[in-house]
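Chemist: First the structure, then my questions, so here it is.
The values are calculated or read from the model by the stated rules, or taken from the named source; none is laboratory data. Source: prediction; values computed, not measured. Positions of Cβ are backbone-derived with ideal geometry, glycine not excepted, and every protein chain shown enters the neighbour counts.
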Amino acid sequence: MHILVREITSLDEQAPAEDLQHEPADIVFLSFSDNDLNVMANCIAQQPENSPSIQLVSLNRLRHPMSVDLYLDQTISKSKFIILRLLGGIEAWRYGTEEIHNLCQSYHIPLAIISGENYENPHLDNLSTIPRNLLNQFKELFLAGGKENYSHILNLAAHHLDHKIGQSITPHILPMVGEYPLPYPFHAHQNLAVILFYRSHLLANNIKPILSLAQSLFRKSINIKAVYLTSLKDPEISHWIGQYLYQNHPTIILNATYFSIQQDYNHSLFRTFNVPVLQILQPSNSKHLWKKSFRGLSQTDLAIQVVLPELDGKISTTAIGFKKEKNNQTRYEPYQKGIDLVTNRVNGWVNLRKKNNHDKKIAIILSNYPGVSGQEGHAVGLDSFASLEHILQWLKKNGYQTGSVIPDCKNLIQILCQSGTRATLSLTDYKQYFSTLSTTFRERVLAYWPEFEKDETLQKENFTIRYIQLGHIICAIQPERADSKNHKNTYHDPDIPPCHGYIAFYLWLRHHESIDAIIHLGTHGTLEWLPSKATAISDHCSPAVLLGGLPVIYPFIVNNPGEAACAKRRLGAVTIGHLTPPVNKTILSGDAAELERLIDDYAEADGLDHRRSKLLLGTILDKAESCGLLAETGINRKESGDEVALNHLDAYLCDVKDLQIREGLHIFGKPPIQFQHLLETIKHYAPDKISEIESNLYQCAEHEKQSLLNALNGEFIQPGPAGAPTRGKLDVLPTGRNLYTVDPRGIPTRTAYLLAEKMAGQLLLKFIQENGDHLRHIVIDLWGSTNLRTGGEDLALAYILMGVKPIWDTSSNRVTSIEIIPLAKLNRPRVDVTLRISGFFRDAFEDQITLFDQTVKTLAQRAEDKDWNYLAYLFQNTPPGSHHSRLNRIYGTAQRTYGTGIEYALNTGNWREQAELGEKWLENSAYSYGNGQDGIYDKQGLSERLKTTQAFFHSQDHAEIDLLDSADYAAHEGGFAAAAKLFDNTPNLYHGDTSKAENPKIRLLVEEVNRIVRGRVANPMWIKAMMNHSYRGAAEIARSVDALFSFSATLSHCFDQQFELIFAATLGNDTVNRFLQNSNPAAKKSIQNRFNESLKRGLWHPKSNSVFMKLEENDE
């Protein structure tokens, strides 16, 4: 029997190792909490001269195991009494806790370990070495808190050292919850804001930002009250708060506590009072570090102050204070600019709550992405114009001034997409308003757009856009953030501020039209992607400058948590989740349907009539060859033989038939178009709850409508999870709730790991079957939204391939460390995995990036053979000092940038050869991330990965979209292929389909493109469904043509058959051609231009001259 050693590496090992060089002391006090340390410091300052020596230690400086070992050896082992205050349980400092217990037990040093939570922790009690009665006194005093009680703790410890029995002390107790008296008078006619903050901050005299916020609100004529508390999770505290709010009737609540209450929504504290709850931030770092950070918050702060509060429906704001060290104490200092931003947000929501609907002015903004004609009003999965018509009708019925006549959908399209622009703000007024904006923001704008007069939206001294004004309601197409030629290129560019025309639009809404709220209709616009921090935005972040305090209400597709999170955290938006489009299994058409019938005939004849069977077999394969279907299967008839070819053809047709395609677009606040089909798709995930699922689906329409109206009334909007209902995420139903995401610290989840094991097994087997050897090098394309939806299946896949496994904290389910699986148990080579991460993944998953990088470095230092661990071979053959750069395995775009860098070239045709696209992908993706690296340019390192990688993997986790829905998939997957080809490498390109998590499938990328063209894009079933949506339906057809073109441009594969199919189904079909011309001539022109460009570039070689004739007819 062989014993397999279990090796574990933890996140703490990424912290810097420090030698604190503290002298031993009579009493050593250790805590994560600055409040604890500050109070203790105040106690020490008032101790008599002959008192025991006391050493204070922040556990944040003892994260690394080496730091712990040094401190225990040099300080703890020679000290006399140890007090450890542990916030977050043992998992917060497991190694240190266990080691300090072992040392104190061996050296007979008194040790008191006190939980920082307000509940009993028997495990920590058992690790303490002092008498239980003394430990209980310590616990009572710590729970009571404050300088007087902490002084008693030190005195009890001193008595114990002198072998004296300390007197039983009754703690001086400040109530666990209560109103903090503020020096401001109460005016009966004014609105009331209530601030909730921590009792521990009060006891440590650490509430300056709270007091400054209260003063700022008072100056804006808002009544203000403040309540301190220990935890909103405590039922007694929650009940007290409920009674207090009931008695005071606040207009708005400001919450400065962390985490989530996670109460049953039907008994939610905040739902009861139905007012907005704004989450105010107090980061755990300094203002200096915050200013430097593009993320804005550490992952811990992001989790406890943003992500978890979102579970309660709280609306994120920004930082009102930062930590500052002074006189060896760390306290929060107010950040006035952040306080001003929060105050403006409060005013915005209070105004909505108190103003009469008849007097409210609302702007409804539709997207203009990707900035090409025919795509105005784009929203993922949503018919934005049909939705707009219904929203206007609801507003009219609810007392809003909408004018005498509300245009129907057709007229709204005509006005907003096909008519001329209208004047908004004069250049003179704009300059005046612009001069009042943040100096930093203005300097950045003028550095890039120095001449006001050259803005292309300026006409006759007025800025212009397409909009319609209906009473107090403005409906507009969002302006382009840059000039139209560069719109796509600058969509996610962090260095390019918005142009003057864009800024003028929002200043016009705020100052000239005095808008009370913005509805951004559908996923997604540009405002949240302007230059800005990811969270805790500053006063010169573009969204803060342009919005001021305007509330933003954002109908958002329920299956896109990542981009919804950006809108929530940068705009402070209430993201109202809307239903995905209905889906149904595709129905084969044309040649595919005929071949399916012939195969069925063959199956019936097989074994009964040999001659007929043989004849049918030849007929089937001849037809499949002539129509191109056999080529789509990837099988060579001559090499395989007819029987094998038929089996592949049959399997391919079944695979196409299994495709789920959308039957139209969703209309916000309306029942699903194909209700029964959607129900059939999702009900098998919970066959015992079909009636509940049906009921929830029915409720979606009313919930979406009512939540929008309630948000406009300044009411509390019920929180709800984001996810894909067709993948079994049934808790997203009913929609119409304020979307939230998951705690990033728990990714990958245990479930994600189990599901990823299936995918890993398939991937490894498929590679061996296709290449005859084990997979050793792969690049995985890691997207943030995908990992939020799946709980991190792609990241789990990476770990499985590497031969490691995450370890989760049993209480919090957070990933804390990684276990390395020995090769003897793994029984295959470790795969050298490189991650190409998306911009949102970079922003949201800092700890995951750190842990993955650490895992790579740990595996590299193992004594394992090259054939079994390439990283180890690389480490052993790298000169000292060069290890880090050669072991970089996490790449993405530069800080604050998104996408791949080739989208603009694909969109405009501004490229000559495929190699240019590959080079752009490489240049823009070559920023390395990991411990100590936040976007270091490493083109050489990524080039080495592209030279050696054997495979590329991208997963698609639900059937509500596919890779031809937009050109983004081609930019990522095809862009990688073009970059690898620069080095004469043609790795296997895999597209993973995990839409049915229990039955994942892996296809070659080209196979998946073929399948989607055959099953959806060229399918009359899908095209007919799109034709029911007029302008937007035509736009969706054009987007799919763009996507195929982009794959053709980036992959070294001929898609002649796919172009033929789509052409025949669109411009080659008289009915569809007329629909395109009548509904959206710009989209038709876009399709036509794509076909012509494909011909010109040699990407498409039509079989028939009729294609050229038809294109010429359309040109005329």
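Chemist: Restricting the search to the stretch 201-237, which residues are surrounded by fewer than 21 Cβ atoms within 10 Å (Cβ to Cβ) and either among the acidic types (Asp, Glu) or more than 28 Å from Arg353 (Cβ to Cβ) (or both)?
Modeler: Answer for the stretch 201-237, where residues must be surrounded by fewer than 21 Cβ atoms within 10 Å (Cβ to Cβ) and either among the acidic types (Asp, Glu) or more than 28 Å from Arg353 (Cβ to Cβ) (or both): Leu202, Asn205, Lys208, Thr230, Asp234, Pro235, Glu236.
Chemist: Could we say that Thr535 is under 27 Å from Ser373 (Cβ atoms) and either at pLDDT below 95 or surrounded by fewer than 22 Cβ atoms within 10 Å (Cβ to Cβ) (or both) here?
Modeler: No, not satisfied.
Chemist: Of all residues in the stretch 857-880, which are surrounded by 13 or more Cβ atoms within 10 Å (Cβ to Cβ) and not in a helix (DSSP H, G or I)?
Modeler: Hits for the stretch 857-880 are Gln861, Arg862, Glu864, Lys866, Trp868, Asn869, Thr878.
Chemist: Still on this structure, please answer the following. Any residue in the stretch 122-130 that is closer than 26 Å to Ser284 by Cα and either surrounded by fewer than 21 Cβ atoms within 10 Å (Cβ to Cβ) or not basic (Lys, Arg) (or both)?
Modeler: The answer is yes, given that some residue of the stretch 122-130 is closer than 26 Å to Ser284 by Cα and either surrounded by fewer than 21 Cβ atoms within 10 Å (Cβ to Cβ) or not basic (Lys, Arg) (or both).
Chemist: Taking into account only those residues within the stretch 441-466 that are farther than 15 Å from Thr428 by Cβ and among the charged types (D, E, K, R), which is surrounded by the fewest Cβ atoms within 10 Å (Cβ to Cβ)?
Modeler: Glu451
Chemist: Quick check, is Leu143 in contact (Cβ under 8 Å) with a residue 24 or more places away in the chain, under 25 Å from Ile304 (Cα atoms) and not assigned by TED's automatic domain parsing to the domain that holds Val275?
Modeler: Yes.
Chemist: Related question: I'd like to check which helices (runs of 4 or more DSSP H) are fully inside the stretch 948-1038 and have at least 1 residues that are closer than 30 Å to Leu922 by Cβ and in contact with a His (Cβ under 6 Å, 6 or more places away or on another chain).
Modeler: Counting at least 1 such residues, we get 1005-1012.
Chemist: Can you pull out every residue in the stretch 574-617 that is at pLDDT below 85 and exposed (fewer than 14 other Cβ atoms within 10 Å of the Cβ)?
Modeler: Within the stretch 574-617, Asp600, Ala603, Glu604, Gly607, Leu608, Asp609, His610, Arg611, Leu615 meet the criteria.
Chemist: Then there is this: Using beta carbons and a limit of 8 Å, which pairs, at least six apart or on different chains, have the first residue in the stretch 619-631 and among the β-branched types (Val, Ile, Thr) and the second one in a helix (DSSP H, G or I)?
Modeler: Close Cβ pairs satisfying both conditions: Thr619/Leu598; Ile620/Leu595; Ile620/Leu598; Ile620/Ile599; Ile620/Tyr602; Ile620/Leu646; Ile620/Leu649.
Chemist: I'd like to check which strands (runs of 3 or more DSSP E) are fully inside the stretch 36-128 and have at least 3 residues that are within 23 Å of Ser811 (Cα to Cα) and of a type in the set (A, V, I, L, M, F, W, C).
Modeler: Answer list for the stretch 36-128: 111-115.
Chemist: Exactly one of (1) assigned to a loop (DSSP other than H, G, I, E, B); (2) touching a residue at least 12 places away in the same chain (Cβ under 8 Å) is unmet by Leu395. Its number?
Modeler: (1)
Chemist: Filter the stretch 806-839 for residues that are within 24 Å of Pro561 (Cβ to Cβ) and at pLDDT below 90 and give the result.
Modeler: Trp808, Asp809, Ser812, Asn813, Arg814, Val815, Thr816
Chemist: Out of the residues in the stretch 419-441 that are under 20 Å from Asn462 (Cα atoms) and in a helix (DSSP H, G or I), which is nearest to the chain's Cα centre (by Cα)?
Modeler: By that ranking, first place goes to Phe434.
Chemist: Looking only at strands (runs of 3 or more DSSP E) that fall completely inside the stretch 229-339, which ones have 3 or more residues that are within 27 Å of Tyr119 (Cβ to Cβ) and either touching a Gly at 6+ places or on another chain (Cβ under 8 Å) or among the hydrophobic types (A, V, I, L, M, F, W, C) (or both)?
Modeler: Strands (runs of 3 or more DSSP E) meeting the threshold: 277-281.
Chemist: Something else now. Inspect the stretch 725-732 for any residue being touching an Asp or Glu at 6+ places or on another chain (Cβ under 9 Å), buried (at least 23 other Cβ atoms within 10 Å of the Cβ) and closer than 30 Å to Pro744 by Cβ and give the result as yes or no.
Modeler: Checked the stretch 725-732: at least one residue is touching an Asp or Glu at 6+ places or on another chain (Cβ under 9 Å), buried (at least 23 other Cβ atoms within 10 Å of the Cβ) and closer than 30 Å to Pro744 by Cβ.
Chemist: When the residues of the stretch 242-261 are narrowed to those that are of a type in the set (S, T, N, Q) and under 22 Å from Pro283 (Cα atoms), which ends up surrounded by the fewest Cβ atoms within 10 Å (Cβ to Cβ)?
Modeler: If we take residues in the stretch 242-261 being of a type in the set (S, T, N, Q) and under 22 Å from Pro283 (Cα atoms), then Ser260 is surrounded by the fewest Cβ atoms within 10 Å (Cβ to Cβ).
Chemist: Considering only the stretch 657-699, state which residues are in contact with a helix residue (DSSP H, G or I) (Cβ under 7 Å, 6 or more places away or on another chain) and of a type in the set (Phe, Trp, Tyr).
Modeler: Answer for the stretch 657-699, where residues must be in contact with a helix residue (DSSP H, G or I) (Cβ under 7 Å, 6 or more places away or on another chain) and of a type in the set (Phe, Trp, Tyr): Phe668, Phe675, Tyr685.
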